[in-house]
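Q: Once you've had a glance at the structure underneath, I'll fire off some questions.
The values are calculated or read from the model by the stated rules, or taken from the named source; none is laboratory data. Predicted, not measured: the structure shown is a model, and the values here were computed from it. Counting neighbours? That spans all protein chains shown, and the Cβs are built from the backbone with ideal geometry, glycine included.
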2 protein chains.
Amino acid sequence: MNAGLRVLVLGATGAVGQEFLRIFEKRGLPIASLRLLASARSAGSTLEFKGEPVVVEEARADAFAGSDVAFFSAGASRSREFAPAAIEAGAVVIDNSSAFRMDPGVPLVVPEINAHAIEPSHRLVANPNCTAIVLLMAIAPLRALGHIERVIVSTYQSASGGGAAVMQELIDQTRAYLDGRPIEPRVLPHPYAFNLFSHNTPVNEQGYNEEEWKVIQESRKILGRPDLRVNVTCVRVPVLRAHAEAITVEFSGPAPTEDAVRQVLAEAPGVRVVDDRVGNHFPMPIESSGTDDVLVGRIRADVTDPNAICLFATGDQLLKGAALNAVQIAEAMIASGSIGTATVRQ
Amino acid sequence: MNAGLRVLVLGATGAVGQEFLRIFEKRGLPIASLRLLASARSAGSTLEFKGEPVVVEEARADAFAGSDVAFFSAGASRSREFAPAAIEAGAVVIDNSSAFRMDPGVPLVVPEINAHAIEPSHRLVANPNCTAIVLLMAIAPLRALGHIERVIVSTYQSASGGGAAVMQELIDQTRAYLDGRPIEPRVLPHPYAFNLFSHNTPVNEQGYNEEEWKVIQESRKILGRPDLRVNVTCVRVPVLRAHAEAITVEFSGPAPTEDAVRQVLAEAPGVRVVDDRVGNHFPMPIESSGTDDVLVGRIRADVTDPNAICLFATGDQLLKGAALNAVQIAEAMIASGSIGTATVRQ
């Protein structure tokens, strides 16, 4: 009776939070009890899990007792505020925010790539930035074919990366544009309907925005390659869901053949090759939306560098880029015994 | 009386065609007479020029007599069909299609960069691909600061690049999506509303699509650099108008400083620097739409290569990417006497 995990989601009403509930059900996570936390504003509302309503509670430091695993997806400041209390209360925290990602004591994990970074003593694991996850799912398998020296990435980031409010802003602005009404940016700094702009995070002294800096630093940490050179430009495009990335990978020697790249990607867990030159069918956000796998295509030798190959990848930012990857981290920790179920703990 | 050019526009009812009329008026092209040609389907309709209606005639081989300059913007097959007749009839043809761009006997011109390529004997001048023009406007000024070895570009191409029908398709599909109706691609091969996809032109054996190949070949020809290495990925994004490009420029030696790049771009004719890091304000399609200048920003040293700098550029594909550049070619030819006005010819 009641065997299974006592699960908690912080930030349950957000775009990522709501995906957690679907993924728990779809993947059959062994759940004994589920608690949903959000800001005071959302407390009292209900979300559905397995056909039953679950009432959302207000996030408070004393709310974490009796949880085995807590999925945090309420932004970095909420994570910093509540992670110590949750861990103190006995939960393993899997944090989707940027708060602890670069903390040397916190593993930053894409399970297909570095599940080994999680040790039994870890009670907090960070979920990487969504853009970094999509990039790394596409390029990590290529390490079997050569030493990667430099990666050049341009991103096409969707509204979902900014959360539910940004998705709604894109819809509202687009409707206003089509109806001939004025567009009034609320959440984002610039008009979004039929427009695009450099990622709306602060720009550092080197001219890189915060999103770009995360991709650089997190890629190095996840791959265990502090020397990896990552040139990245992050751009927000008026797509509702799923990020896209144009990627050039430079190796230290001659690049692997297109066939070798295609084969290693076809065999990589969590990756699906979509690379139909004749049909002009390559990865698209619309086909990535709601899809667990990262789609990779446009596999071609770089005509400007014999050591390089080019790729185009898309991934659902809310799934593999966020909630799915976090649940996979939990699954890996359950498998290794780092997260105990009530049954195991008896 | 009647002094001025006898001007003809082939493809007058298209998205680029209609821009010609506005540009003629705005720039005060000395026009004695204006004739507008289009397909039989559009013949008989009227367009407005300087407040007066002009009736569109059917494009036929015998329609070109008595024109000093003919702007062609009706696609490559129409250009191949009618250019010989127009030249034979005494017109200088400025062709916006890809038909003659790579013909060694035909100059391919961005006036700010290689107006010198036009010789008095030339009766046909090709207007480059829009993506190539935006790229070259951003990078050509940097030649003053060092030898460019390699350019890496990812594009964010708007609907306007596909013409009026593609712009309408984006609007119609988006409205359908927002109204919950099914989306039915007509002109494009893939759903476009809130989606993006690899450029919808045929892919060659090397895995590059036709648009990418044009950018590579045309950039080399315009810069007079057959050795220039251009790595380009062309992507269609759901923006109505103006293309964007993320660009990395690699020099043969240490890259110029950000300040030097900013200064040389600020002084370049046809370029406007939009590079406000504090305000997070960089080039955007919405600010490029209807704007003659190519906007350039995100100027920063490439953290992965001391020889490289990164840029982000936007340009109105219908203006500098098409009609404006063609009119500038005509202006250069008028100035050099290659296109005569009725007055001059007396």
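Q: Among the residues that make up the range B:22-35, is at least one of them part of a helix (DSSP H, G or I), touching a Leu at 6+ places or on another chain (Cβ under 6 Å) and assigned by TED's automatic domain parsing to the domain that holds B:A335?
A: yes
Q: Out of curiosity, is B:V110 among the β-branched types (V, I, T) and either under 20 Å from B:G340 (Cβ atoms) or surrounded by fewer than 19 Cβ atoms within 10 Å (Cβ to Cβ) (or both)?
A: No; evaluated as a whole, the condition is false for this residue.
Q: Quick check on the range B:181-211: of everything there that is aromatic (F, W, Y) and either more than 8 Å from chain A (Cβ to nearest Cβ) or in a loop (DSSP other than H, G, I, E, B) (or both), which residue is surrounded by the fewest Cβ atoms within 10 Å (Cβ to Cβ)?
A: B:Y208
Q: From (1) at the interface with another protein chain (Cβ under 9 Å from one of its Cβ atoms); (2) under 22 Å from B:R143 (Cβ atoms); (3) surrounded by fewer than 20 Cβ atoms within 10 Å (Cβ to Cβ), pick out the condition that doesn't hold for B:P269.
A: (1)
Q: Limited to the range A:239-248, what total is found for residues that are under 14 Å from B:F197 (Cβ atoms), at the interface with chain B (Cβ under 7 Å from one of its Cβ atoms) and part of a loop (DSSP other than H, G, I, E, B)?
A: Matching residues across the range A:239-248 total 1.
Q: May I pose another question? Among the residues of the range A:248-265, are any buried (at least 18 other Cβ atoms within 10 Å of the Cβ) and closer than 20 Å to A:L319 by Cα?
A: yes
Q: For the range A:299-321, which residues satisfy the criterion of being more than 8 Å from chain B (Cβ to nearest Cβ) and either in contact with a strand residue (DSSP E or B) (Cβ under 7 Å, 6 or more places away or on another chain) or surrounded by 24 or more Cβ atoms within 10 Å (Cβ to Cβ) (or both)?
A: A:N307, A:I309, A:L311, A:A313, A:T314, A:G315, A:D316, A:Q317, A:L318, A:L319, A:K320, A:G321
Q: Pick from A:G66, A:G90, A:G75: which is touching a residue at least 40 places away in the same chain (Cβ under 8 Å) and over 23 Å from the mean Cα position of the chain (by Cα)?
A: A:G66
Q: When you go through A:A246, A:A268 one by one, which is the residue that is in the same structural domain as A:S154 (by TED's automatic domain parsing), aliphatic (A, V, I, L, M), modelled with pLDDT of 95 or more and closer than 24 Å to A:I329 by Cβ?
A: One residue alone meets the criteria, A:A268.
Q: Residue check: is B:V296 surrounded by 24 or more Cβ atoms within 10 Å (Cβ to Cβ), β-branched (V, I, T) and under 26 Å from B:H116 (Cβ atoms)?
A: yes
Q: Shifting gears a bit: So A:E184 clears everything in (1) acidic (D, E); (2) touching a helix residue (DSSP H, G or I) at 6+ places or on another chain (Cβ under 9 Å); (3) modelled with pLDDT of 95 or more except one condition, right? Which one?
A: (3)
Q: From the residues in the range B:1-33 that are more than 22 Å from the chain's Cα centre (by Cα) and hydrophobic (A, V, I, L, M, F, W, C), which one is farthest from B:D316 (Cα to Cα)?
A: B:M1
Q: Among the residues of the range A:47-56, write down those that are at negative phi, of a type outside the set (A, V, I, L, M) and more than 25 Å from the chain's Cα centre (by Cα).
A: A:E52, A:P53
Q: Go through the range B:249-262 and give me each residue that's outside any helix (DSSP H, G or I) and either among the small types (G, A, S) or within 13 Å of chain A (Cβ to nearest Cβ) (or both).
A: Passing the criteria: B:V249, B:E250, B:S252, B:G253, B:A255, B:T257.
Q: Quick one: B:A59 ticks every box in (1) surrounded by fewer than 16 Cβ atoms within 10 Å (Cβ to Cβ); (2) of a type outside the set (S, T, N, Q); (3) over 16 Å from the mean Cα position of the chain (by Cα) bar one, so which box is it?
A: Of (1) surrounded by fewer than 16 Cβ atoms within 10 Å (Cβ to Cβ); (2) of a type outside the set (S, T, N, Q); (3) over 16 Å from the mean Cα position of the chain (by Cα), only one is false for B:A59: (1).
Q: Right, next: Scanning the range B:156-180 for residues that are among the charged types (D, E, K, R) and part of a helix (DSSP H, G or I), which turns out nearest to the other protein chains (Cβ to nearest Cβ)?
A: B:R175
Q: Continuing with this model, one more query. Give me a count of the residues in the range A:31-42 that are over 18 Å from A:S77 (Cβ atoms) and buried (at least 16 other Cβ atoms within 10 Å of the Cβ).
A: Residues meeting the conditions: 4.
Q: Among the residues of the range B:124-155, write down those that are assigned to a strand (DSSP E or B) and within 14 Å of chain A (Cβ to nearest Cβ).
A: Those that are assigned to a strand (DSSP E or B) and within 14 Å of chain A (Cβ to nearest Cβ): B:I148, B:E149, B:R150, B:V151, B:I152, B:V153, B:S154, B:T155.
Q: Scan the range A:275-288 for residues that are more than 7 Å from chain B (Cβ to nearest Cβ), buried (at least 21 other Cβ atoms within 10 Å of the Cβ) and either touching a helix residue (DSSP H, G or I) at 6+ places or on another chain (Cβ under 6 Å) or not charged (D, E, K, R) (or both) and report the count.
A: Here the count works out to 2.
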